[in-house]
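Below you'll find the structure, written out as structure tokens, and then a few comments.
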Amino acid sequence: MTMNERLKAFLEGLYYVYQRRELINPDPLHFLYDYEDVRDLEIVGLIASSLAYGRVSQIMKSVEKILACLTNEPHKFLLENDKFDIVPANFKHRFTTSYDMNNLLRNISEILREYNSLEVFMSECLNSSDKEIFSALDKFSERLSRNKKDGSFSLVTAPNDGSACKRLFLFLKWLVRSDCVDPGGWEVLKPRDLIVPTDTHMHNIAMKLGFTRRKNADLKCAVEITEGFRAINPEDPAKYDFVLTRFGIRAGLNVNELAELLDL
């Protein structure tokens, strides 16, 4: 049995044990389960992933505050609403202000008026980019970032800035993959197209697995990590993202023990 075969067997075991909805909280992914219409789900997913930075307790509170402004039908609300002082002026999530959130909601609303859904807009971005995923994501992110204040924190990052785009890739994973954890709903992309959401935690795990030696968790690093997982699971390289991010969160899962896999 090769190293990749042994590693896949181990990861499949983790997936079987830990890929469970009851193990999600606290995680902003939790908010997506309250919606069935994919047009609502994609809006909630974009908001939740965009605010997924900082302390998880604050992330949960901030996402809840924004969703409370959108009623229980976000798609209908944003499609019909033409005023964008939706988010209270005192809203603050680390670097994100009420202006930033209102601007994102305004841009979402404009996209809905033109395309009716974020998925249809993503399809247009792909078609105008000859199906090149990073160019399409640049267009997708740039449209959602229109009228962003110079120097302000980017809620929807673009690959052309070289960052790992962790929150953007997290959003795509939630909408494209479909199992008991990731709700799915989008058909415009396939799981094989996904890039593994990479933060310092995933970066540390990937280094221990030998998938990358890059010191910075940037876009090139995220691509290297994805290629490492793609060698194990070509059709679904982001499959093990959730279970691996349980290391350090769930009792009995220690990231340092992953290094022992290399000696199996």
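The values are calculated or read from the model by the stated rules, or taken from the named source; none is laboratory data. Given the structure is predicted, the values throughout are model-derived calculations rather than measurements. Reconstructed Cβ throughout: ideal geometry from the backbone, glycine too, with neighbour counts over all protein chains shown. The accessibility values were calculated without ligands, DNA or RNA, using every heavy atom of the protein model including side chains. Shrake-Rupley method; radii C 1.70, N 1.55, O 1.52, S 1.80 Å.
Within region 51-58, not a single residue is within 25 Å of M122 (Cα to Cα), assigned to a helix (DSSP H, G or I), at pLDDT 95 or above and open to solvent by less than 50 Å² (accessible area, probe 1.4 Å). The residues on offer are N116, N107, N72, N160, and the sole one that is open to solvent by less than 10 Å² (accessible area, probe 1.4 Å) and either over 27 Å from H201 (Cα atoms) or modelled with pLDDT under 95 (or both) is N107. For region 212-244, the set of residues classified as open to solvent by 30 Å² or more (accessible area, probe 1.4 Å) and either at pLDDT below 90 or out of contact with any Ser or Thr (no Cβ under 7 Å at 6 or more places or on another chain) (or both) consists of R213, R214, K215, N216, K220, V223, E227, R230, A231, P234, E235, K239, listed by residue number. Filtering region 21-50 down to residues that are exposed (fewer than 14 other Cβ atoms within 10 Å of the Cβ) and touching a residue at least 60 places away in the same chain (Cβ under 8 Å), which residue is nearest to A238 (Cα to Cα)? Only one residue tops the list, namely R21.
Within region 168-187, restricting attention to residues that are open to solvent by 30 Å² or more (accessible area, probe 1.4 Å) and touching a residue at least 60 places away in the same chain (Cβ under 8 Å), which residue is nearest to the chain's Cα centre (by Cα)?
Keep residues of region 168-187 that are open to solvent by 30 Å² or more (accessible area, probe 1.4 Å), which gives 178-180, 183, 185, 187.
Subset that is touching a residue at least 60 places away in the same chain (Cβ under 8 Å): 179-180, 183, 185, 187.
Working: D179: 15, C180: 16, P183: 12, G185: 14, E187: 16 Å.
Among those residues, the one meeting the criterion is P183.
If you filter region 138-156 down to residues that are within 15 Å of G45 (Cβ to Cβ) and without any contact (Cβ under 8 Å) to a residue 40 or more places away in the chain, you find that the one that is surrounded by the fewest Cβ atoms within 10 Å (Cβ to Cβ) is S141. Taking first residues from region 86-98 that are free of Cβ contacts under 8 Å to residues at least 24 places away in the same chain and partners that are of a type in the set (S, T, N, Q) and part of a loop (DSSP other than H, G, I, E, B), the Cβ contacts under 9 Å between residues at least 6 apart in sequence or on separate chains come to S98/N90. Across region 190-204, the qualifying residues are those that are modelled with pLDDT of 95 or more and open to solvent by 10 Å² or more (accessible area, probe 1.4 Å), and the one among them that is farthest from E132 (Cα to Cα) is P191.
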